[in-house]
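Enquirer: Here's a structure for you.
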Amino acid sequence: MTTNKPLYDIPLASIDGKPGSLADYRGKVLLVVNVASKCGLTPQYEGLEALYRARKDDGLVVLGFPANNFKGQEPGSDAEIRSFCSTNYDVSFPMFSKISVAGDDRHPLYDTLTAAQPAATGEGPMREKLAGFGIQGNPAPEVLWNFEKFLVDREGKVIGRFSPDVAPDDARLAAAIDAALKG
């Protein structure tokens, strides 16, 4: 694992391979989500896209980070992921190149996110659901599974973290986003 850097200083690449960072979204409220194309939660793409379209003019940006950390549920290349998201969910929110969000090769972005918010709102049911499938979820502060969500305020401070099964339209997430947009 690497040393935590300020969130805006962490180098990233778009799903098209263009270099950048979260500084490109400075002044916006960010919802950072690790995504996967072959997960039971993959239909959340639809809700994430609806949330983005509904709130982008208010200053919210949903950011998708494909990751293959959980049972190989994101095996595709960046081009395949981009095509899947466009074809199946008409995704227009920014997507990034595939990264690791857990384990020894975890990307510095996720080092910073998990250090800032070590516990997720709503975690219990998802952990129990995974156990029911015989899957031992990662212990906190690691990301539990695909579609975990981190909320970042307009100044780049991580202010919330939500379990993978907290849907994009969940009242807890909506309230946190509303507060961040007003703040």
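The values are calculated or read from the model by the stated rules, or taken from the named source; none is laboratory data. Model, not experiment: these values are computed from the prediction. Note that each Cβ is placed from the backbone with ideal geometry, even for glycine, and that neighbours are counted across all protein chains shown.
Enquirer: Residues Gly47, Gly64: which one is touching a Pro at 6+ places or on another chain (Cβ under 8 Å), assigned to a strand (DSSP E or B) and closer than 24 Å to Arg172 by Cβ?
Expert: Gly64
Enquirer: It is to be established whether one or more residues within segment 90-98 are among the basic types (Lys, Arg), out of contact with any helix residue (DSSP H, G or I) (no Cβ under 8 Å at 6 or more places or on another chain), at pLDDT 95 or above and within 22 Å of Pro19 (Cα to Cα).
Expert: The answer is no, given that none of the residues of segment 90-98 is among the basic types (Lys, Arg), out of contact with any helix residue (DSSP H, G or I) (no Cβ under 8 Å at 6 or more places or on another chain), at pLDDT 95 or above and within 22 Å of Pro19 (Cα to Cα).
Enquirer: Only residues in segment 40-59 that are within 17 Å of Thr87 (Cβ to Cβ) count as the first member; pair them with residues that are part of a helix (DSSP H, G or I) and at pLDDT 95 or above, Cβ under 7 angstrom, at least 6 apart or cross-chain, and list the lot.
Expert: Final answer for the pair search is Tyr45/Cys85; Tyr45/Tyr89; Glu46/Tyr89; Glu49/Tyr89.
Enquirer: Taking only segment 92-150 into account, find how many residues are in a loop (DSSP other than H, G, I, E, B), hydroxyl-bearing (Ser, Thr, Tyr) and under 14 Å from the mean Cα position of the chain (by Cα).
Expert: Going through segment 92-150 one residue at a time, the tally reaches 2.
Enquirer: Determine whether segment 155-174 contains at least one residue that is surrounded by fewer than 22 Cβ atoms within 10 Å (Cβ to Cβ), closer than 28 Å to Ser21 by Cα, at pLDDT below 95 and of a type in the set (A, V, I, L, M, F, W, C).
Expert: No: zero hits.
Enquirer: For segment 112-128, which positions are among the hydrophobic types (A, V, I, L, M, F, W, C) and surrounded by fewer than 20 Cβ atoms within 10 Å (Cβ to Cβ)?
Expert: Result: Ala115, Ala116, Ala119.
Enquirer: Let me ask you something else. Check whether at least one residue in segment 2-21 is assigned to a helix (DSSP H, G or I) and more than 24 Å from Glu142 (Cβ to Cβ), and report yes or no.
Expert: no
Enquirer: Condition (residue is among the basic types (Lys, Arg), part of a helix (DSSP H, G or I) and farther than 24 Å from Ser37 by Cα) applied to segment 163-172: is it met by at least one residue?
Expert: Yes, that holds for at least one residue.
Enquirer: While we're here: Is one or more of the residues making up segment 129-152 in contact with a Lys or Arg (Cβ under 8 Å, 6 or more places away or on another chain) and surrounded by fewer than 16 Cβ atoms within 10 Å (Cβ to Cβ)?
Expert: yes
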